[in-house]
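Engineer: Please read through the structure below; I'll follow up with questions.
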Amino acid sequence: MQILRQQIANELNYSCRFDSKHLAAALENLNKALLADIEAHYQDPSLPYPKEDNTLLYEITAYLEAAGIHNPLNKIYITTKRLPYFPIVNFLFLIAQLPKLQYNKNLGMVCRKPADPVDWPPLVLGLLTLLKQFHARYTEQFLALIGQFIRSTVEQCTSQKIPEMPADVVGALLFLEDYVRYTKLPRRVAEAHVPNFIFDEFRTIL
């Protein structure tokens, strides 16, 4: 579903820019201005903020979605309750799925194995969307668990003088790369849990 939403948003955005570039530019600038004002308010509460009865944010959201100027992956669709072990469950689920996938050098992406039904993009986007519905600390804990798994496995391989990086570690690194790419976050978010030299090294062996 999220893949379809992304495709629809891209098509709407392309059509809007092609058919009405002035409207697209106006919406983008207004959106950036509103976000800057809201961010400034949180840094300095004395600055103005739209009141609850102000419908500006709701109205501009409808226009932005109609013009495809939004990211469905960053949207919160439901309200959720606190689940203490939620990051661990998602981490174990991801680790269990990695052996069912393989990196295809010709395509330059992770693909499912012929005998397994798991596909890479739905897996990444599904976990991304699921984590987005919960508090941000759950995502941070989830990424920390992946980083710990990568670091400990690489350290074990180094101590045992194993030259090749295990396939599960490569899959976990590719997941972090795709996670950062889809969420449009800076790479330092992933590098906070995995040293950057590991990212640089694993790309040379693919």
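The values are calculated or read from the model by the stated rules, or taken from the named source; none is laboratory data. What you see is a predicted model, and the numbers here were worked out from it, not measured in a lab. When we count neighbours, we look across all protein chains shown, and the Cβ atoms used for this are built from the backbone with ideal geometry, even at glycine.
Engineer: Just need a number here: residues in the stretch 172-201 that are in a helix (DSSP H, G or I) and closer than 26 Å to Ile3 by Cβ.
Structural biologist: Step one: of the stretch 172-201, the residues in a helix (DSSP H, G or I) are 172-183, 188-191, 196-201.
Adding the requirement that they be closer than 26 Å to Ile3 by Cβ leaves 172-183, 189-190, 199.
Final tally of qualifying residues: 15.
Engineer: Shifting gears a bit: Does the stretch 32-60 hold any residues that are surrounded by 13 or more Cβ atoms within 10 Å (Cβ to Cβ) and either touching a strand residue (DSSP E or B) at 6+ places or on another chain (Cβ under 9 Å) or within 28 Å of Val124 (Cα to Cα) (or both), and which are they?
Structural biologist: If the condition is that a residue be surrounded by 13 or more Cβ atoms within 10 Å (Cβ to Cβ) and either touching a strand residue (DSSP E or B) at 6+ places or on another chain (Cβ under 9 Å) or within 28 Å of Val124 (Cα to Cα) (or both), then no residue fits.
Engineer: When both residues are 6+ apart or on different chains and their Cβ atoms are under 7 Å apart, which pairs have a first residue that lies in the stretch 111-137 and is over 14 Å from Arg181 (Cβ atoms), and a second that is among the basic types (Lys, Arg) and not in a helix (DSSP H, G or I)?
Structural biologist: Pairs that qualify, where the first residue is over 14 Å from Arg181 (Cβ atoms) and the partner is among the basic types (Lys, Arg) and not in a helix (DSSP H, G or I), are Val118/Arg112; Asp119/Arg112.
Engineer: Please determine, by comparing only the residues of the stretch 92-117 that are in contact with a Lys or Arg (Cβ under 9 Å, 6 or more places away or on another chain) and not in a loop (DSSP other than H, G, I, E, B), which one is farthest from Ile150 (Cα to Cα). Working first, answer last.
Structural biologist: Taking the stretch 92-117 as the starting set, the residues that turn out to be in contact with a Lys or Arg (Cβ under 9 Å, 6 or more places away or on another chain) are 99-102, 112-113, 115-117.
Checking which are not in a loop (DSSP other than H, G, I, E, B) leaves us with 99-102, 112.
Working: Pro99: 15, Lys100: 18, Leu101: 17, Gln102: 17, Arg112: 21 Å.
Out of the qualifying residues, it is Arg112.
Engineer: Regarding Lys51, is this residue farther than 25 Å from Pro72 by Cβ, of a type outside the set (Ser, Thr, Tyr) and more than 25 Å from the chain's Cα centre (by Cα)?
Structural biologist: Details: farther than 25 Å from Pro72 by Cβ: yes; of a type outside the set (Ser, Thr, Tyr): yes; more than 25 Å from the chain's Cα centre (by Cα): yes.
For Lys51, the condition - farther than 25 Å from Pro72 by Cβ, of a type outside the set (Ser, Thr, Tyr) and more than 25 Å from the chain's Cα centre (by Cα) - is met.
Table: residues versus (1) at pLDDT below 85; (2) closer than 22 Å to Lys21 by Cα.
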position	(1), (2)
Tyr49	yes, no
Asp53	yes, no
Glu59	no, yes
Glu65	no, yes
Ile78	no, no
Leu83	no, no
Ile88	no, no
Leu94	no, no
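Engineer: Which condition from (1) modelled with pLDDT of 90 or more; (2) under 18 Å from Phe197 (Cβ atoms); (3) more than 12 Å from the chain's Cα centre (by Cα); (4) surrounded by 19 or more Cβ atoms within 10 Å (Cβ to Cβ) is the one that Tyr138 breaks?
Structural biologist: (2)
Engineer: Restricting to the stretch 146-171, name every residue that is of a type in the set (A, V, I, L, M, F, W, C), crowded, with 16+ Cβ neighbours inside 10 Å and in a helix (DSSP H, G or I). Give the steps one after another, and end with the answer.
Structural biologist: Residues of the stretch 146-171 that are of a type in the set (A, V, I, L, M, F, W, C), as a first pass: 146, 149-150, 154, 157, 162, 165, 167, 169-170.
Right, trim to crowded, with 16+ Cβ neighbours inside 10 Å and you get 146, 149-150, 154, 165, 169-170.
Ile146, Phe149, Ile150, Val154, Val169, Val170, listed by residue number.
Engineer: Could you check the stretch 1-31 and list, in sequence order, the residues that are more than 14 Å from Tyr63 (Cβ to Cβ), in contact (Cβ under 8 Å) with a residue 12 or more places away in the chain and either acidic (Asp, Glu) or touching a strand residue (DSSP E or B) at 6+ places or on another chain (Cβ under 8 Å) (or both)?
Structural biologist: Glu11
Engineer: Then there's this: Give the stretch 149-176 a look and list any residue that's over 17 Å from Leu131 (Cβ atoms) and touching a residue at least 40 places away in the same chain (Cβ under 8 Å), or say none.
Structural biologist: Going residue by residue through the stretch 149-176, those that are over 17 Å from Leu131 (Cβ atoms) are 150-171, 173-174.
Answer for the stretch 149-176, where residues must be over 17 Å from Leu131 (Cβ atoms) and touching a residue at least 40 places away in the same chain (Cβ under 8 Å): Ile150, Arg151, Val154, Glu164, Met165, Ala167, Asp168, Val170, Gly171, Leu174.
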